[in-house]
1. Mind checking whether some residue in the stretch 208-215 is under 18 Å from the mean Cα position of the chain (by Cα), outside any loop (DSSP other than H, G, I, E, B) and farther than 16 Å from Glu28 by Cβ?
2. Between Ile101, Ile109, Ile142, which is buried (at least 16 other Cβ atoms within 10 Å of the Cβ) and away from the ligand (no atom under 13 Å from the Cβ)?
3. Out of Pro197, Pro185, which single residue is surrounded by fewer than 18 Cβ atoms within 10 Å (Cβ to Cβ), within 16 Å of the ligand (Cβ to nearest atom) and either on the phi < 0 side of the Ramachandran plot or acidic (Asp, Glu) (or both)?
4. If a residue must be among the hydrophobic types (A, V, I, L, M, F, W, C) and more than 9 Å from the ligand (Cβ to nearest atom), how many such residues does the stretch 145-170 contain?
5. May I ask you to verify whether Arg162 is surrounded by fewer than 18 Cβ atoms within 10 Å (Cβ to Cβ), at negative phi and among the basic types (Lys, Arg)?
6. For residues that are part of a helix (DSSP H, G or I) and of a type in the set (S, T, N, Q), scanning just the stretch 96-137, find the one that is farthest from Gly53 (Cα to Cα).
7. Tell me which residues, restricted to the stretch 167-182, are under 16 Å from the mean Cα position of the chain (by Cα), within 23 Å of Val150 (Cβ to Cβ) and surrounded by 14 or more Cβ atoms within 10 Å (Cβ to Cβ).
8. Of the conditions (1) more than 19 Å from Leu20 (Cβ to Cβ); (2) at pLDDT 95 or above; (3) of a type outside the set (A, V, I, L, M, F, W, C); (4) not in a helix (DSSP H, G or I), Thr169 clears all except one; give me its number.
Amino acid sequence: MSENTRTTLVLGASGRTGSLVVADLLAEGRHVVAYVRRPEAMKPANGLTVIGGQLDDVAAMTAAAAGCDSILVTLGMKGMDFSASEVMAGGPAPEGRTPVITMAMSSIIAVAKANDIRRVVVLSALGVGATIKNSAFTAEQIANSPLDSVFRDHENGEALLRASGLDWTTVHPGFLTSGPATAHPVVIDAASGRKLPGRSVTSRADVAAVLVHSVDDPATIDKQLIVMSEAE
Ligand SMILES: NC(=O)c1ccc[n+]([C@@H]2O[C@H](COP(=O)([O-])OP(=O)(O)OC[C@H]3O[C@@H](n4cnc5c(N)ncnc54)[C@H](OP(=O)(O)O)[C@@H]3O)[C@@H](O)[C@H]2O)c1
């Protein structure tokens, strides 16, 4: 890895959004270090270094992040994809899932500080924390839905990040699809208070593009960005 090449540590690189983020970062000429628990899931690519390790192994993650200037997080609890109608129908989420964002965030903050990395960009969801005001769902609907534990995990982890003093951005899409990138995804600062449709839909390709763009855009620092491909 050359000294002058910008390098991003990606957590969640083996996932559906994470794999698009890796491809977009590489297409921008960045190097990528994918720190993953299943290295065998990663396809080799020029500019991509794959390092195996667990999210709570701060020493291993710190070593993996050496030389990186940014961290991009697309982690998510496995098997927690729900439709709008399932959210409206309510009911508890399946038990026993690891709160992966909360678990990873204290490692991420320690790793960033140990490596003098200031920039951390995280994939979240529309309705998490303060972004509930941008969602057509109410806090009560979320609390009584299968999304409750997923959203609490995001908010608990993101609260740690906001308090860390690092240059953070969180990106909050509505329901995700595996559809293509669209020409002009809507990107809104959550602080605007603008409300999006509860069933707003975003392709993972659009989310990946916004995440990757945010890494180098100082205007997005300390912001919660709402992203949407299209409204119903
Ligand atoms: N689905 C939606 O409609 C929706 C809407 C808004 C926001 N989101 C948010 O989008 C994010 C990612 O979505 P996605 O569809 O791209 O997720 P995904 O395809 O399920 O990928 C999740 C990633 O997290 C990793 N991961 C999960 N638990 C882990 C653990 N304990 N240790 C290490 N790695 C772990 C997975 O690694 P492995 O490959 O090793 O399992 C994978 O790389 C989530 O935070 C979700 O809340 C989703």
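The values are calculated or read from the model by the stated rules, or taken from the named source; none is laboratory data. None of the values given here were measured: they were computed from a predicted structure. Cβ placement follows ideal geometry from the backbone for every residue including glycine, while neighbour counts extend to all protein chains displayed.
1. The first filter runs over the stretch 208-215 and keeps only residues under 18 Å from the mean Cα position of the chain (by Cα), leaving 208-215.
Pick out the ones that are also outside any loop (DSSP other than H, G, I, E, B) and you get 208-215.
This time we only want the ones that are farther than 16 Å from Glu28 by Cβ, so: none.
For the stretch 208-215, residues under 18 Å from the mean Cα position of the chain (by Cα), outside any loop (DSSP other than H, G, I, E, B) and farther than 16 Å from Glu28 by Cβ: absent.
2. Ile109
3. None of the others qualify; the one that does is Pro197.
4. Residues that pass the stated criteria total 6.
5. yes
6. Going residue by residue through the stretch 96-137, those that are part of a helix (DSSP H, G or I) are 100-114, 129-134.
Adding the requirement that they be of a type in the set (S, T, N, Q) leaves 102, 106-107, 131, 134.
Numbers: Thr102: 17, Ser106: 16, Ser107: 12, Thr131: 32, Asn134: 36 Å.
Per the stated criteria, the residue is Asn134.
7. If the condition is that a residue be under 16 Å from the mean Cα position of the chain (by Cα), within 23 Å of Val150 (Cβ to Cβ) and surrounded by 14 or more Cβ atoms within 10 Å (Cβ to Cβ), then Trp168, Thr169, Thr170, Val171, His172, Pro173, Gly174, Phe175, Leu176, Thr177 are the ones that fit.
8. (1)
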